[in-house]
Amino acid sequence: MSLIEVKNLSKSFDGEDVVKGITFELTPGKCVALLGPNGAGKTTTLRMLAGFSKPTNGTITFDEQSLSSDIRNYIGYLPQFPVFHNWMSGKEFLIYVGQLSHLSKSEADSRADELLDRVGLTDAKKQRIGKYSGGMKQRLGIAQAMMNRPKLIMLDEPVSALDPIGRREVLNLMREIKKDATILFSTHILNDAEEISDELLLLHHGELVEQGSLDELGNLYDSGKIILAFQDNIPADMEEKLNKLSHITDIEFKKQSIEFISSDVIASRAEILQLAVQNDWPLTKFEIAKTTLEDLFMKVVNQ
Ligand SMILES: Nc1ncnc2c1ncn2[C@@H]1O[C@H](COP(=O)(O)OP(=O)(O)OP(=O)(O)O)[C@@H](O)[C@H]1O
């Protein structure tokens, strides 16, 4: 069963379509990356799902009910540019957010302590937010999004603006919280999506151009790239020999390796390994490269 079902969702601003009829489902317990270049429509999509922006068209169904103000209580949202009250302490801020979501003072107090512990801010809970690092602020933002025990947590570019330490802190935290909530997060950073997500939604010019797990999409967009590496210099007759083989294109010579694309990886593997034995090539590696997210993204975006 899906947690959220989105059908033909569209948004126009001043007659310009920025999200163009996208359809997808999120299954519970998954961490899903909404991936796309700047301006693809990621923030607009998340804002519609969080109930902050009215769709021009389409439907959003959450746990089989249409999105209404009640259902919004099951969704936690961290905007791309969260606004914190810098004069408050981390704990005061969470209590304030809890009370806005109609928790009693004592419920908000105990939930704040629980979450501060969860996001690793217990020691800093009495410090003013103004003194927090970027990573600490984002972790507080994630705690804020979790105050009302949401089933779905949406994070808009949660790590894009952070330094490597902050980025690591937040990715580790996301890995931790995906154990008990579904996460949908937007990013234009391929490594982050590759590292942490179970599934990808690829958005480009407002259209959902691909969706699935990295493995599924990798197979779909398999590049057929083969990499050969050599102990010393590349043998002098390599180029001539490779050029004689069918299926092979885009040969690229590097210092001690060669990369090329084969339209029939299995046939090329047999031919190349045979040549290697016959000619005593000093091969140290024969690799059929997996499609990386970067390869996939470039292919989809340049289609
Ligand atoms: N309130 C608005 N009024 C008019 N145009 C808007 C509005 N919000 C977004 N847009 C436009 O919609 C398009 C998609 O913007 P959106 O912020 O959703 O993209 P994004 O994928 O989140 O990009 P980024 O990675 O830069 O945040 C952009 O061209 C943007 O200028």
For the peptides 241-247, 292-298, what is the packing order when you average, over each peptide's residues, the other Cβ atoms within 10 Å and list the highest mean first? 292-298, 241-247
Which order do the peptides 125-133, 41-49 come out in when sorted by mean C-beta neighbours inside 10 angstrom, highest first? 41-49, 125-133
Assigned charges on the beta-carbon of Lys, Arg, Asp, Glu; the range 220-301 dipole about Cα centre (debye): 140
Please give the length that would be gained between Glu259 and Arg128 if that part of the chain were fully extended, namely 0.36 nm times their separation in residues minus their C-alpha to C-alpha distance (nm, one decimal). 41.8 nm
For the chain, percent of DSSP beta bridges that are antiparallel (nearest 5) comes out at 65
Nearest-0.05 FRET efficiency for Ser106 and Asp250, computed from C-beta distance (R0 45 Å): 0.10
Show which lysines lie in cross-link reach of Lys20 when reach means a straight Cα distance below 24 angstrom and same-chain residues fewer than eight apart are skipped. Lys7, Lys11, Lys42, Lys54, Lys299
Let me have the 222 nm mean residue ellipticity of the chain computed from DSSP H runs of 4+ only, each contributing -39500 (n - 2.57), with the sum over all residues rounded to the nearest 500. -10500 deg cm²/dmol
Near Arg168, within a Cβ-to-Cβ distance under 13 Å, what is the net charge of the other residues, with Lys and Arg +1 and Asp and Glu -1? -2
Column: log10 I(q)/I(0), Debye, Cα scatterers of the range 4-212, q = 0.14, 0.16 Å⁻¹: -0.81, -1.05
Separation of alpha-carbon centers, the range 1-45 and the range 75-98, rounded to whole Å: 25
Using the Kirkwood radius over Cα pairs of the range 115-165, the Stokes-Einstein translational diffusion coefficient at 20 °C and 1.002 mPa s, in µm²/s and rounded to a whole number, is 183
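Given N residues in the range 1-125, what is Rg(Cα) / (2.2 N^0.38 Å)?
Dividing the Cα Rg of the range 1-125 by 2.2 N^0.38 Å gives 1.24.
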Using the number of other C-beta atoms within 10 angstrom as an exposure proxy, rank Lys151, Lys254 with the fewest first. Lys254, Lys151
Net charge dipole size for the range 4-212 [Lys, Arg +1 and Asp, Glu -1 on Cβ; Debye, nearest 20]: 680
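All of the numbers you see were taken from the coordinates with simple rules; none came from a lab. Small disclaimer: the values here were computed from a predicted structure and weren't measured. Cβ: placed from backbone, ideal geometry, glycine included. Neighbour counts: every protein chain shown.
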